[in-house]
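*Asks:* Next up is a structure, given as structure tokens.
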Amino acid sequence: MKEIILKVISQPTVGLEAENIAPKVFACKSSMEIAGLPIYEGNRERRLGDFFDVSGEAGEAEAETRIVIEGDVRLTKRIGQGMRAGEIHIKGSAGMHLGSKMRGGKVTVEGDCEAFCFQEMRGGVVHIKGNAGNYLGSATRGNWRGMRGGTITVDGNAGSEIATFMKGGKIHVKGDCASFAGVHMNKGFIVIDGRAERRIGAEMIGGTIVANEVEAMLAGFKPVETVKAPEIESEKFTGNYKKYSGDHADSRAKGTVWVKIQ
Amino acid sequence: MEIHTDVICPFCGTLCDDIEVHVENGRVMEALNACKLGNAKFMSMNKKNRHIVPMVRGEDGFTETTIEDAVERVARMLVDAKKPLLYGWATTECEAQSVGIELAEEVGGVIDSCASVCHGPSVLAIQDVGFPSVTLGEVKNRADLDIYWGSNPMHAHPRHMSRYSRYPRGYFRERGQQDRTVIVIDVRRTDTAGIADKFLQVSPGDDYELVNAFRTLLNGGDIPDEVAGIAKKDIASALELMKTCQFGMLFFGVGLTMSPGKHRNIDNAISLVVDLNKYTKFNLIPMRGHYNVTGFSEVLTWQSGFPFGVDYTRGYPQYNPGETTSVELLSRGEVDAVFVVGSDPAANFPKKAVEHLAKIPSAVIEPHETPTTYLCDLNIPSAIAGIEVEGTAYRMDNVPIRMRKIMDAPAGLYSDREILEMILLKVREIKNGA
Ligand code: SF4
């Protein structure tokens, strides 16, 4: 795999939209060509090279291309949008819509990621080493089909409404999770190692959530049983877990939430 | 004395269409039928010291300028900006809104209305789960159960209950009040709760839990003895009223849209209404505040496909509330110029957003003096829509109503639409290299 390095020169306050920072677009291009790609600062079309120092070499194909971003790109949106293969490694924090509609490949963020990242993801592997913002791996506005595949791991905490309308894949949050995790979830798997705020699994009709601790369960969740060291979605968990079914606010409810008994 | 009948009240989303206004020598003498709020709006026409000329901020305070100069300044500000925000629009007519949207597209900006700080969540929820709605005329003639949730019409929409819900006689509700039941759900005992048949006091911020409990019971499940501070038996008896009515209505206000959970509260409430339709006819209407905030959503949807918070910076419309809405854009410092039309964000927005607004170039079109007119670098007074200018507005139930002109604006004042058209023309001139 060949590597292109983007070093942040500056980040304008109105932010950048940079769906062109993606392995597919970079593949087979020289660093000169990459520096000349359009990138949008508000309503102005600019060049990628105006904001990033480009070096290294891109691969022959998307899958052969790795993009390393050195610096903080919190204000750069849409990096890796729709990627199917290849790799992106951000050595700082990432902006909104990172990896939205991603279908494959690998994304690593050393810092945090802003809201609305990895919406409607269908495949690939994601690792956020810091915290993730609201709407991680959720559906876009008005869509009732959210994330369908792939895995997202967050070492820190996650914001609210992660995995809305989830239909598949897995999200693992090692820290705490704000309210409405997995709202309207249909299929898929969410594991929260820390504490989940209230309204976890709200209006879920399917899928599975495991949480170490919850602030409160909604009235629509019915306790089913207590299981010692359960195996959930072919993963082993230690300790005793209480299993709930829900959210029975919806007559179609077939979701499951497991909460560890402290 | 001129007597104008069937005048539309351009104040709240009830958009009453039966006001009788008496005008003598350019002064409003009386506004019959109007409530206190509507009356105050008509009577405010008699106030002295109204601004007629645009004011621009210079080294030492505001100075007067001409409309031509003001238009040119706004046009340049918008053309120079990389991401201008065009905000407001709830208190002007649809025709002006339409020009504003064209302007936003032309300059590659973001256009947003006060819906983003009041009923935007309702719109989001509607997009997620649908909108079982009716018109207020049907409510008047058919409804035998009205629920007000997080809304206090006695003070915010004073004639709503007398015209449509609590009191009027309707085709199937011949006895008026006796044929109707009213439930109020709120965090405190409001004046509206005082005239309701049943009041549920929900603990602050727990609205979502209460909707969830209603739905769970409705679907045959069981709930704990107390949810959201309300006893199970009270939840169950309110639910029984909902299930057994002939035609039920849910009116909800900012108490529900802006309490924790926001659009999720509405999304779940809509689903409750959908579920209730398995038993009876049930519908909902959001209690929109400003008289034409509904109209803006309509016009923007025709022109862009989306109802508020539309970002044209890339040349095509993008919509993502939370990212493309005013408070968030200002708080993150993502916009570099603000143009306000018929709204007062300086008084209503969170501190951080107002701080950014104060830092960047800004202009406002507004007939009255407001905190925003003082905060902005430039203000252009305009004629008052619905009183000095005719035009279309949409009632809270999405019914368009033609507002009438009952008096002339002071000489030298233009309507919002005329000013916006001048700005649009100027913008095009500048962009074509003039
Ligand atoms: S209820 Fe609203 S529209 Fe009707 S008169 Fe009062 S303020 Fe005007």
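*Asks:* Just to confirm the filter: which GluC sites (Glu not before Pro) across segment B:130-226 are DSSP coil and have at most 11 other Cβ within 10 angstrom of their Cβ?
*Replies:* B:E174
*Asks:* Treating the beta-carbon of each Lys and Arg as +1 and of each Asp and Glu as -1, no other charges, what is the dipole magnitude of the protein assembly as shown about its Cα centre, to the nearest 20 debye?
*Replies:* Approximately 1960 debye in magnitude.
*Asks:* If I model a spin label at B:K352 and B:I52 as a point 7 Å from the Cα along the Cα→Cβ vector, what separation in nanometres do I get?
*Replies:* 4.5
*Asks:* Which trypsin sites (Lys or Arg not before Pro) in segment B:263-371 sit in a loop by DSSP (not H, G, I, E or B) and have at most 14 other Cβ atoms within 10 Å of their own Cβ?
*Replies:* Here the trypsin sites (Lys or Arg not before Pro) that fit, given the DSSP loop and packing criteria, are B:K278, B:R314.
*Asks:* Across the Cα atoms of chain A, what radius of gyration and what greatest pairwise Cα-Cα distance (Dmax) are found, in Å?
*Replies:* 19.5, 62
*Asks:* While we're looking at this one, here's another question. For segment B:266-343, what are the per-bin percents of Cα-Cα distances with bins 10 Å wide, up to the bin holding the maximum?
*Replies:* 15, 34, 32, 15, 5, 0
*Asks:* Right, another one. Using θ = phi - 60° and the Karplus curve 6.51 cos²θ - 1.76 cosθ + 1.60, what whole-Hz ³J(HN,Hα) does each residue of segment B:304-310 get, with Gly and Pro shown as x?
*Replies:* Those phi angles translate into 10, x, 10, x, 6, x, 9 Hz.
*Asks:* If R₀ is 41 angstrom, what is the calculated FRET efficiency for the pair B:M29 and B:E102, using the beta carbon separation as r and rounding to 0.05?
*Replies:* Between B:M29 and B:E102 the formula returns 0.55.
*Asks:* For segment B:93-116 and segment A:1-58, write down the distance between their C-alpha centroids in whole Å.
*Replies:* One Cα centre to the other: 32 Å.
*Asks:* Sticking with this one: May I ask you to evaluate 6.51 cos²θ - 1.76 cosθ + 1.60, the Karplus curve with θ = phi - 60°, for each residue of segment B:245-261 and list the ³J(HN,Hα) values in order in whole Hz, giving x for glycine and proline?
*Replies:* After applying 6.51 cos²θ - 1.76 cosθ + 1.60, I find 6, 8, 8, x, 10, 10, 9, 10, x, 5, x, 9, 6, 10, 7, x, x Hz.
*Asks:* Now for a different question. Could you sort B:C118, A:C28 by their accessible area in this structure, using a 1.4 Å probe and putting the largest first?
*Replies:* A:C28, B:C118
*Asks:* So what does A:K129 come to for accessible area, using a 1.4 Å probe and Å² rounded to 10?
*Replies:* 90
*Asks:* Given a 1.4 Å probe and every protein chain left where it sits, what share in percent of the accessible area of the protein assembly as shown is carbon and sulfur?
*Replies:* Solvent-exposed carbon and sulfur of the protein assembly as shown make up 48 percent of the total.
*Asks:* Would you jot down the residues in segment A:130-158 that end up with at least 50 Å² less accessible area in the complete protein assembly than in the chain alone, with a 1.4 Å probe?
*Replies:* So the qualifying set is A:R141, A:G142.
*Asks:* Let me ask another. Considering only C-alpha atoms, what is the centroid distance from segment B:293-320 to segment A:144-200, in Å?
*Replies:* Their Cα centres are 30 Å away from one another.
*Asks:* Still on this structure, I have one more. Taking only the Cα atoms of segment B:120-286, how large is their convex hull per residue, in Å³?
*Replies:* For segment B:120-286, the hull spanned by Cα atoms encloses 97 Å³ per residue.
*Asks:* For chain B, modelled as a Gaussian network with Cα springs under 10 Å, which listed residue fluctuates most, B:G220, B:G342, B:G100?
*Replies:* Ranking B:G220, B:G342, B:G100 by mean-square fluctuation puts B:G220 first.
*Asks:* Rounded to the nearest 100 Å², what is the buried accessible area between A and B, both sides summed, probe 1.4 Å?
*Replies:* Counting both chains, the buried surface is close to 3200 Å².
*Asks:* Using alpha carbons only, what's the Rg to Rh ratio of chain B with Rh from Kirkwood?
*Replies:* 1.00
*Asks:* Then there's this: For the charge dipole of segment B:120-286, defined by +1 on Lys and Arg C-beta atoms and -1 on Asp and Glu C-beta atoms about the Cα centroid, which residue among B:H157, B:G248, B:N283 has the Cα displaced farthest towards the positive pole?
*Replies:* Going by the Cα projections, it comes out as B:H157.
*Asks:* Using the Karplus curve 6.51 cos²θ - 1.76 cosθ + 1.60 with θ = phi - 60°, work out ³J(HN,Hα) for each residue of segment B:79-95 in order, rounded to whole Hz, and write x for Gly and Pro.
*Replies:* Rounded to whole hertz, the list is 5, 6, 6, 8, 8, x, 10, 10, 10, x, 6, 7, 10, 9, 7, 4, 5.
*Asks:* Let me ask something additional. Measuring with a 1.4 Å probe in the full set of protein chains, what accessible area per residue, in whole Å², belongs to segment B:120-286?
*Replies:* Per-residue value: 37 Å².
*Asks:* Oh, and also: How much length is gained on full extension from B:E68 to B:K359, taking 0.36 nm per residue of separation minus their Cα-Cα distance?
*Replies:* Net length gain for the segment: 102.3 nm.
*Asks:* What are the residues of segment A:232-251 that lose 20 Å² or more of accessible area, with a 1.4 Å probe, going from their chain alone to all protein chains?
*Replies:* Buried on complex formation: A:H248, A:A249, A:S251.
The values are calculated or read from the model by the stated rules, or taken from the named source; none is laboratory data. Since this is a predicted model, take the numbers as computed values, not measurements. So basically every Cβ, Gly included, is an ideal-geometry build from the backbone, and we count neighbours across all protein chains shown. Ligands, DNA and RNA are stripped out before the accessible areas are found, and what is left, the full protein with its side chains, is counted by its heavy atoms. Shrake-Rupley method; radii C 1.70, N 1.55, O 1.52, S 1.80 Å.
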